[in-house]
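First comes the structure, then the notes that go with it.
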Amino acid sequence: MDDRTKTERPEAWPGPITRPGEAPPPTAPPRRRRRGWLVVLLGLLLIGGVGYWIYQRPAPTTVERARRGGQTPPVTAVAVQNGDINVTINALGTVTSLATVTVRSQISGQIMRIAFTEGQLVNKGDLLVEIDSRPYQLALAQAEGALKQHQAMLQAAQLDLERYQNLVKTNAIPRQQLDAQVATVQQDQGLIIADQAQIDTAKLNIAYAHIVAPVSGRVGLRQVDQGNYVTANDANGLVVITQLTPISVLFTTAEDNLPPIQKRMQGGAVLPVTAFNRNGTQKLATGQLLAFDSQIDTTTGTVKLRAQFDNQDSALFPNQFVNVQLLVDTLRDTAVVPTSAVQRGAPGTFVYVVGDDRKVSVRKVVLGPVDGERVAIKSGLKTGERVVTDGADKLRDGIDVTVHEPGAAAPVPPANPNAGQRNRRQRNQ
């Protein structure tokens with residue numbers, strides 16, 4: 001069989017098969033294909049964005065649902081009351097001991113005994129350290145012997161003086177000899193005074209050999225051990241005693257706060273002071289203001305004050321950091337509202353007042369001292385008027401509101417049917 005009898009088959013080709021003599025089918029231009037893909041991609045992005053916005057959009061608040069449903073927004077309102085407001089000053093303070101004494105030896109000698117333990121509470125006059133006193137006891141005996149010797153010499157000189165005075169009357173001895181004897185008596189008297197001073201010095205050194213606590217308080221870590229030789233007025237000292245009861249707290253306040261404090265103290269008032277821990281969450285002790293400094297610090301514009309505490313329970317420790325609250329005065333029978341009722345904005349400091357017709361109005365107020373969650377109102381409100389304490393973020397002047405008492409469940413208007421579905425989606429997240 002020759003090649004002419006073979007059946008010719010078209011070879012495989014990715015494109016369409018065309019017969020001889022036929023024109024190839026038209027193909028889409030590449031630019032038009034890219035444009036189609038771009039349109040599909042933008043459509044998918046648009047659908048995804050709308051779905052994400054619907055899925056992630058937070059549920060409307062109670063006020064928004066009320067507005068959409070044509071209802072008034074619910075708020076919490078309380079009446080303005082008359083009460084007492086404490087005028088306090090808050091400051092940062094440091095616990096400071098009223099007496100911190102470094103005990104030093106006043107004589108030189110070897111330490112024979114240490115009579116305290118580190119950290120012990122001691123009273124004034126308790127024995128702390130005993131130094132070898134034998135050299136000073138010997139010095140005392142020597143001074144006492146010299147005193148007896150000079151006393152005998154004085155007695156003999158006084159007898160001679162009496163004889164010379166009688167002999168001078170008869171001109172038996174010259175006047176000069178009598179004068180010399182008078183000087184001898186005075187000299188012996190001076191020696192006796194010097195001997196007595198030596199005796200007192202020796203007794204004092206023996207007393208210094210027994211070192212006692214000069215103040216009551218807690219002893220710290222000892223600086224020397226038993227057996228060491230100490231000298232008078234050693235720079236390091238033997239031990240430090242810190243008085244703990246009573247104890248003081250030093251704190252500062254602005255110079256503008258000084259006049260009312262000074263006025264109250266000059267009037268004989270006792271200003272209470274409360275100390276809290278560094279976080280301000282725990283009350284440590286209660287005391288009173290003791291004094292304030294004699295001058296203002298020009299670099300900071302503050303003045304130092306000292307408060308004293310009994311500290312019988314040792315709640316305050318020297319150099320401890322505390323928060324201090326000073327009660328300067330108490331305002332009696334003044335208008336009081338919760339601090340949550342006070343708003344700040346373009347009008348300044350204001351509150352939303354609920355009228356008898358349940359419409360809210362903006363009322364500017366002048367604030368007084370703040371006492372915890374309450375604030376005094378100097379002007380702008382009257383006793384009995386109701387002010388909004390919750391739900392004021394969406395209010396505006398003149399709108400109607402639904403008022404409920406504090407602690408009661410707020411009336412919730414009918415919610416949007418789609419809101420529940422959105423909330424379920426948020427919980428599933």
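The values are calculated or read from the model by the stated rules, or taken from the named source; none is laboratory data. These numbers come from a predicted model, not from an experiment. Here Cβ is always computed from backbone atoms with ideal geometry, including for glycine, and neighbour counts include all displayed protein chains. These accessible areas exclude ligands, DNA and RNA; they are computed on the full protein's heavy atoms, side chains included. Shrake-Rupley method; radii C 1.70, N 1.55, O 1.52, S 1.80 Å.
Quick notes on this structure:
- FRET efficiency for the pair VAL370 and LYS394, taken as 1/(1 + (r/R0)^6) with r the Cβ-Cβ distance and R0 = 22 Å, rounds to 0.30.
- Annotation: amide H of THR402 within the under-5 Å range of VAL75, sequence separation 5 or more or interchain, hydrogens built in the peptide plane.
- In this structure the amide hydrogen of SER108, modeled in the peptide plane, comes within under 5 Å of the amide hydrogens of ALA232, none closer than 5 places in sequence on its chain.
- Extension gain from THR300 to SER108, taking 0.36 nm per residue of separation minus the Cα-Cα distance: 64.4 nm
- Sequence-ordered 3J(HN,Hα) estimates for region 285-295 from the Karplus curve with 6.51, -1.76 and 1.60 and θ = phi - 60° stand at 7, 10, x, 9, 6, 9, 6, 10, 5, 8, 8 Hz, glycine and proline given as x.
- Solvent-accessible area, 1.4 Å probe, carbon plus sulfur percent, for region 201-282: 48
- Hypothetical label at GLN288: residues of region 244-277 whose amide nitrogen lies under 11 Å (7 Å Cα-Cβ projection): 268-273
- Per residue, region 121-231 exposes 64 Å² of solvent-accessible protein surface, assessed with a 1.4 angstrom probe and all protein chains in place.
- Inter-probe distance in nm under a simple model that places probes 7 Å from Cα toward Cβ, at LEU42 and MET265: 7.9
- For the residue pairs LYS124/LYS283; LYS364/LYS394; LYS263/LYS304; LYS283/LYS394; LYS148/LYS203, alpha carbon separations beyond 28 Å are given by LYS124/LYS283; LYS283/LYS394.
- Cα radius of gyration and Dmax for region 315-395 (Å): 16.9, 61
- Annotation: TYR208 carries an accessible surface of approximately 70 Å², with a 1.4 Å probe and no ligand, DNA or RNA atoms counted.
- Listed by chain and number, the aspartates and glutamates whose alpha-carbon sits under 19 Å from that of LYS378, ignoring those within fewer than 8 places in the same chain, are ASP84, ASP329, ASP333.
- For THR96, the residues 5 or more places off, or on other chains, whose built amide H falls under 5 Å of its own are SER248, VAL249, LEU250, ASN319.
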